[in-house]
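Here is the structure we will look at, set down as C-alpha cells.
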Amino acid sequence: MNAKPIQVTSPLLPPLEEFVPYLERIWESRILTNGGSMHQALEKALCAYLGVEHIALFANGTLALVTALQALRITGEVITTPYSFVATAHSLLWNGIKPVFVDVDPVTYNLDPAKVEAAITPQTTAILPVHCYGTPCDVDGIDRIAENYNLKVIYDAAHAFGVRDGRGSVLRHGDLSVLSFHATKVFNTFEGGAIICPDARTKQRIDHLKNFGFVNETTVVAPGINGKMNEVCAAFGLLQLKHIDHALARRAQIDGLYRRLLTGVPGLRSLRPPAGVTGNHAYFPLMVGEEYALQRDQLYQLLRDQKVLVRRYFYPLISEFPMYRGLPSAAAGNLPVASTAARQVLCLPIHPELADEDVMRICDLVTAPARVRAA
Ligand SMILES: *Cc1c(COP(=O)(O)O)cnc(C)c1O
C-alpha cells in the first residue's frame, strides 16, 4: 500500500475563487493594515459568532498572550500548566515573569485548582491556565482561588475556538482569554490571534498596546508592540467564518467515528468533554496505557512508518525545556499527572478534509497490535 501521508491536521482552506473578491476590495481600498475595514468587520463578526462583547485581533496568538499579560500589568510569579504548547510559558518569560508550574487534573489534563493554592506565594499575581484540547478548565475552581487571593486569570484559549459550556462561550471566563488563529488551529487566518476583553476600556488599552502604544498621531502611552492583524488575514477570517460550522460538524463526525472504532481496545483511552460542553474537536488525543500491546513511542513509529503523521502533543512538557527545567516547580516529582500524560499521549489526525476511509485505516493500524496480542 502506497497511500499518501495523512497529516495530523490540515488548514481549513475555502475555495480560492471565494477569496478573490475580498482581495479586490483590499486592492481598491489600498488599506493593508492598521485597523482597516476587514479588521473591523472581522472583530464584529467574531463577537457575534463567539457570543462575546469585545475582541481585539492580533497578528498571532503569542503576541496576544504577551500583550494580555502587559494589559493587566502582571509581574512577579504566575501559576501555569506544563502541559501545553511552549508559547504559554514563553509569554511569561517575554514579560520577565517567573512561571510556576502546577500539575494537571487526570481527567481534563487542565490545571488542577486543588494544587494551585499550594503554589501561591506573596509574589504570585495571576493564573495562566490552558483549555487544553478545547476541554474547558475547572473555571469555577480557578475563579474561587483567584478571588480568595486577589489574582488575575488569563486563559490561554488557543484550542477553545467555539467551545461552549452550559451557560455560553467558554471564552467569557477569567479577566482575559487569548485565542490563536494559526494555520493548524480549528479557525485560522494563516497566522492570527485575539484577546477577548470584558469591556470597551480594556479593549481600547489592548488596541493601544498592539499598536506601539499610540493613542493618537502624537501620543504614545506605553512601550507597545506591533501586534496588529493585517487586512488580508482579517479578510481570510471573514471567509473562513462562512465555512466554520461545516468544518466543526465534520470534525465532530470524525471524532465520533474514532470513538466507535477504538472503543474496547485494551490500554487505549480517549478524552471526553465534560457533560454540557459543546467541544470543537480540535484534537483527538489518545492515551496509550500499559495494557496496550505496544508502548506509545512504538505505536507512534508504526503509524509514522505508514505515513500517518501522528503527533505527541504535549511531549516533552514545557517544564522539561532548557529555559524552564531549572525552576523548582519544573521537577517531575511536582508534576506526576502531566509527566504521565506526556508519556502516554498520541494525537491522531483530525481535520475537515479527512475521509472516513482514512479514519478506518488509522484505526485498523492502531487496533492491529492489540488483535495480534489477543490471538
Ligand atoms: C497555538 C498555540 C499558541 C500560540 O499561538 P500562535 O498563534 O501560534 O502564536 C499558544 N498556546 C497554545 C496552547 C497553542 O496551542
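Report, in listed order, any pair from Lys98/Lys152; Lys185/Lys210; Lys242/Lys307; Lys152/Lys185; Lys44/Lys152 with a Cα-Cα distance greater than 24 Å.
Violating the 24 Å Cα-Cα cut-off are Lys242/Lys307; Lys152/Lys185; Lys44/Lys152.
Antiparallel as a % of all DSSP beta bridges within the chain, to the nearest 5?
Of those bridges, close to 60 percent are antiparallel.
With 10 angstrom as the radius, rank Arg30, Arg325 by how many other C-beta atoms surround their C-beta, starting from the fewest.
Arg30, Arg325
Once phi is turned into ³J(HN,Hα) by the Karplus curve 6.51 cos²θ - 1.76 cosθ + 1.60 with θ = phi - 60°, what whole-Hz value does each residue of the stretch 242-252 show in order, with x for glycine and proline?
Per-residue couplings from phi come out as 5, 9, 5, 5, 4, 5, 5, 5, 5, 4, 5 Hz.
List every residue whose amide H lies under 5 Å from the amide H of Val345, counting only residues 5 or more places away in sequence or on a different chain, with H placed 1.01 Å from N in the peptide plane.
Val288
Amide H neighbours of Val153 under 5 Å, counting only residues 5+ apart in sequence or on other chains, H built in-plane at 1.01 Å?
Residues meeting the criterion, in which the H sits 1.01 Å from N, are Ile127, Asp175, Leu176.
By the scheme Lys and Arg +1, Asp and Glu -1, what is the net charge of all other residues having a beta-carbon under 13 Å from that of Gly166?
+1
Ordered by residue, what ³J(HN,Hα) values in Hz, to whole numbers, does the stretch 254-269 give under the Karplus form 6.51 cos²θ - 1.76 cosθ + 1.60, where θ = phi - 60° and Gly and Pro are x?
Per residue, the Karplus-derived 3J(HN,Hα) values read 5, 4, x, 5, 4, 4, 5, 7, 10, 5, x, 7, x, x, 9, 9 Hz.
Report ³J(HN,Hα) in whole Hz for each residue of the stretch 206-211, in order, from the Karplus equation J = 6.51 cos²θ - 1.76 cosθ + 1.60 where θ = phi - 60°; Gly and Pro get x.
5, 4, 5, 5, 7, 10
Mind sorting Arg250, Arg272 by how few other Cβ atoms lie within 10 Å of their own Cβ, fewest first?
Arg272, Arg250
A short reminder: the numbers here are calculations on the coordinates, not readings from a lab. Note that the structure is a prediction, hence the values are computed from the model and not measured. Because the Cβ atoms are built from the backbone with ideal geometry, glycine has one as well, and the counts that use them run over all protein chains shown.
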